[in-house]
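The values are calculated or read from the model by the stated rules, or taken from the named source; none is laboratory data. Keep in mind that this is a model prediction, so the values were computed, not measured. Every residue, glycine among them, receives a Cβ derived from its backbone with ideal geometry; neighbour counts consider all protein chains shown.
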Amino acid sequence: MSVLKSKQEMIDLLTGVKASKRNYYTELIKTNAQLKKKNMKLEIINDVMKSFNVDMCMDDMLKNILNKLKELYTFNRLSLSIYEDGHLILTNVFPSDSFFVKVGEALPRQYSTYWNVIEQRNATQIQFPNPTASSLEQETFGKLHIKSVFLFPLISKKKIIGVLSFGSRQMFECEENDILFLQQLADQLAVCIENSRLYNEVLRGNKEWEETFRSVLDMIILVDMNGTILRFNNSVNKFFGLSDQQLFQKKCNELLREHLTLEEECLLEESLRTNTMTNAQIKFNNNRICDVYTYPVYNDRNEKHGVILYMKDVTEKLHAEVQLIQSGKLAALGEMAAGVAHELNSPLTAILGNSQLLLRGANKAEASYKLLEDIKNCGDRCKNIIRNLLTFSRQDEYVPKECYINEAVIQVLSLIRYQIERQNIKITIELSNEIPAIAGNLQQIEQIVINLLLNAKDAVEASTFHEKWILIETDLAEVNGESFVSLSVMDNGIGIAESDISEIFRPFYTTKQQSKGTGLGLPVSLGIAKMHGGTIEVESQVGVGSTFTLFLPVCSGR
């Protein structure tokens, strides 16, 4: 057996079989190592693509890449610099403490290897120490003990977006296929960064648009072709007092039906079936008035797929317009009153002067003396009325001044008391002597008093009570801890129905006959009261009477 074994060994040596086997296994091991390395490279690139998402943390991605690369190379540091607006900014470094230039700072351009990569758009490897590098790079990599640095441009859609840097504490050269792999890795990373940037720009634009849409003060509602609410802004929640859950997927007609007349409801339904803009002015149950517009919405194929409902609250605007109209009328009335007063002054002067002259020479015992005295007294009364008309006709610019509400009541009564009392209406006045001053415009406050008294007169005239009366009171009141002057005008007129009380301060709304009222007096009065920081409250009962109370804040400092 030993002889045969020796012969077999001799034959193997002569034929080179053992050598071939050793070479075969050596090549096989080498090939397996290369395949493993290629698989690792593919795995790294695949991980970069898989780990990419819009919320990705770049530091985590760099950490993952470096840990994978350590199985192939002796890399100890990885950094990312982004090129934007002419600056190269160091944005990410791993490990996070391996930096000298602070993250977020721009890299200087002079003698910079990083900038050479940006300008030449080619990969570069550099060994340290290196006198051709910038002093900052020499100092940085010297302190970090980095011997070899590999720099790769990040290019996306032919546009340079940054530089990817690999650093090693060992001195070594990369083979050509390694350079190609690292460049491919840099290209994949560039695509991820650019996609993330574009997505975030879109996300930021959508967020800005959403914030703008939600913060628009006017109401915007988007409904589909079935009238289902798809989107709405914050103003809709606030106006209707409903949450997002209560509004979303609700039918638009269900939301608006309780506020609309049948005609207005049909108008909105019609806009869903036509291709034209429609509009209507709607009064809602919360005493707000809105201009409502509907606009069809089209897709890219010019097909209508929904309707935008745009609602603008115009309540305050209408009140202001009404007040301007009423102010214009009052200005014209004031000019006319002033003209009439001036025209009456001349004959009245003659009447008063002549009656005084005749009284001086008249005998008090004669009957003519009493007649002359009546003429003079009536002339004096006319003179006071004319003086008050001239005061009322002044259209001064609103400048708050210290004034007293009792004075306004007295001035108004001197003008219209006779007009009221001749209708057999008793006027009772109870003015408090301890009323403090208010800051306001006396003529405008007089306008409120006139409106309240004339409304009370009309209500009392229409009542069936045998004894008709109006009571005027002033007092000091406290509302929510603040001091207010109050003026109450009470009457035993026909009263106001409960359903009408919420309407009476709406412009042009009136319960009087067309020839009796315009529906402007109370809205204008309330507008003046609010301008003075006050308000008007009303209590009424049909067939019993009404009480209107004006509240005005006490002048500050009192």
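Inside the range 423-435, residues that are crowded, with 16+ Cβ neighbours inside 10 Å and assigned to a loop (DSSP other than H, G, I, E, B) make up a count of 1. The residues of the range 282-302 that are among the acidic types (D, E) and either at pLDDT 80 or above or not assigned by TED's automatic domain parsing to the domain that holds L230 (or both) amount to a single one, D291. Restricting I420, I450, I470 to those that are over 24 Å from G328 (Cα atoms) and assigned to a helix (DSSP H, G or I) reduces the list to I420. Within the range 533-558, being in contact (Cβ under 8 Å) with a residue 12 or more places away in the chain, outside any strand (DSSP E or B) and either of a type in the set (F, W, Y) or farther than 15 Å from L452 by Cβ (or both) holds for G533, V542, G543, V544, C555, S556, R558. Considering only the range 235-252, state which residues are buried (at least 16 other Cβ atoms within 10 Å of the Cβ) and out of contact with any Leu (no Cβ under 9 Å at 6 or more places or on another chain). Hit for the range 235-252 is F239, nothing else.
Does I146 qualify as being more than 22 Å from K68 (Cβ to Cβ) and assigned by TED's automatic domain parsing to the domain that holds K70? Spell out how you get there, then give the answer.
On the way: more than 22 Å from K68 (Cβ to Cβ): no; assigned by TED's automatic domain parsing to the domain that holds K70: yes.
Spelling it out, it is not the case that I146 is more than 22 Å from K68 (Cβ to Cβ) and assigned by TED's automatic domain parsing to the domain that holds K70.
Selection of the range 143-166 for residues being buried (at least 16 other Cβ atoms within 10 Å of the Cβ) and among the charged types (D, E, K, R) yields only K147.
Counting the residues of the range 102-142 that are surrounded by fewer than 18 Cβ atoms within 10 Å (Cβ to Cβ) and either in a strand (DSSP E or B) or β-branched (V, I, T) (or both) gives 7. Beta carbons closer than 7 Å, at least 6 apart along the sequence or on distinct chains, pair a first residue in the range 406-427 that is within 17 Å of D458 (Cβ to Cβ) and assigned by TED's automatic domain parsing to the domain that holds N451 with a second that is assigned to a helix (DSSP H, G or I) and among the acidic types (D, E) for V412/E446; Q423/E461; I427/E421.
Inspection of the range 476-499 finds no residue satisfying the criterion of being outside any loop (DSSP other than H, G, I, E, B), charged (D, E, K, R) and touching an Asp or Glu at 6+ places or on another chain (Cβ under 9 Å). Among the candidates M311, M336, the residue that is over 27 Å from I416 (Cα atoms) and hydrophobic (A, V, I, L, M, F, W, C) is uniquely M311. Kindly indicate whether any position in the range 464-474 is closer than 24 Å to P400 by Cα and modelled with pLDDT of 90 or more. Scanning the range 464-474 turns up at least one residue that is closer than 24 Å to P400 by Cα and modelled with pLDDT of 90 or more. Taking F181, is it within 26 Å of F75 (Cα to Cα) and touching a Lys or Arg at 6+ places or on another chain (Cβ under 9 Å)? Against the criterion (within 26 Å of F75 (Cα to Cα) and touching a Lys or Arg at 6+ places or on another chain (Cβ under 9 Å)), F181 qualifies.
Can you find a residue that is assigned by TED's automatic domain parsing to the domain that holds K383 and assigned to a loop (DSSP other than H, G, I, E, B) anywhere in the range 338-354?
Within the range 338-354, the first condition is being assigned by TED's automatic domain parsing to the domain that holds K383, and the residues that meet it are 338-354.
Now narrow it down to the ones that are assigned to a loop (DSSP other than H, G, I, E, B): none.
For the range 338-354, residues assigned by TED's automatic domain parsing to the domain that holds K383 and assigned to a loop (DSSP other than H, G, I, E, B): absent.
Considering the conditions (1) in contact with a Ser or Thr (Cβ under 9 Å, 6 or more places away or on another chain); (2) of a type in the set (S, T, Y); (3) over 18 Å from R77 (Cβ atoms), S165 is excluded by exactly one of them, (3).
Among the residues of the range 359-407, those identified as outside any helix (DSSP H, G or I), farther than 25 Å from I472 by Cα and at pLDDT 75 or above are A362, N363, K364, A365, E366.
Every residue, every condition in (1) surrounded by 15 or more Cβ atoms within 10 Å (Cβ to Cβ); (2) touching a residue at least 12 places away in the same chain (Cβ under 8 Å), yes or no:
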| site | (1), (2) |
| --- | --- |
| E270 | no, no |
| N279 | no, yes |
| K283 | yes, yes |
| R288 | yes, yes |
| Y293 | yes, yes |
| Y298 | no, no |
| D313 | yes, yes |
| K317 | no, no |
| A337 | yes, yes |
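In the range 513-532, of all residues being assigned to a loop (DSSP other than H, G, I, E, B) and surrounded by fewer than 14 Cβ atoms within 10 Å (Cβ to Cβ), the one that is modelled with the highest pLDDT corresponds to Q513. Looking only at the range 448-469, count every residue that is in contact with a strand residue (DSSP E or B) (Cβ under 6 Å, 6 or more places away or on another chain) and either of a type in the set (K, R) or not assigned by TED's automatic domain parsing to the domain that holds L552 (or both) and tell me the total. Residues flagged as in contact with a strand residue (DSSP E or B) (Cβ under 6 Å, 6 or more places away or on another chain) and either of a type in the set (K, R) or not assigned by TED's automatic domain parsing to the domain that holds L552 (or both) within the range 448-469 amount to 1.
Annotation note: Cβ proximity below 8 Å between a residue of the range 122-134 that is within 19 Å of L78 (Cβ to Cβ) and touching a residue at least 24 places away in the same chain (Cβ under 8 Å) and a residue that is of a type in the set (D, E) and surrounded by fewer than 18 Cβ atoms within 10 Å (Cβ to Cβ) (sequence gap 6+ or interchain) occurs for Q125/E173. The number of residues in the range 73-101 being loosely packed, with under 13 Cβ neighbours inside 10 Å and either farther than 18 Å from L154 by Cα or not assigned by TED's automatic domain parsing to the domain that holds C57 (or both) comes to 2.
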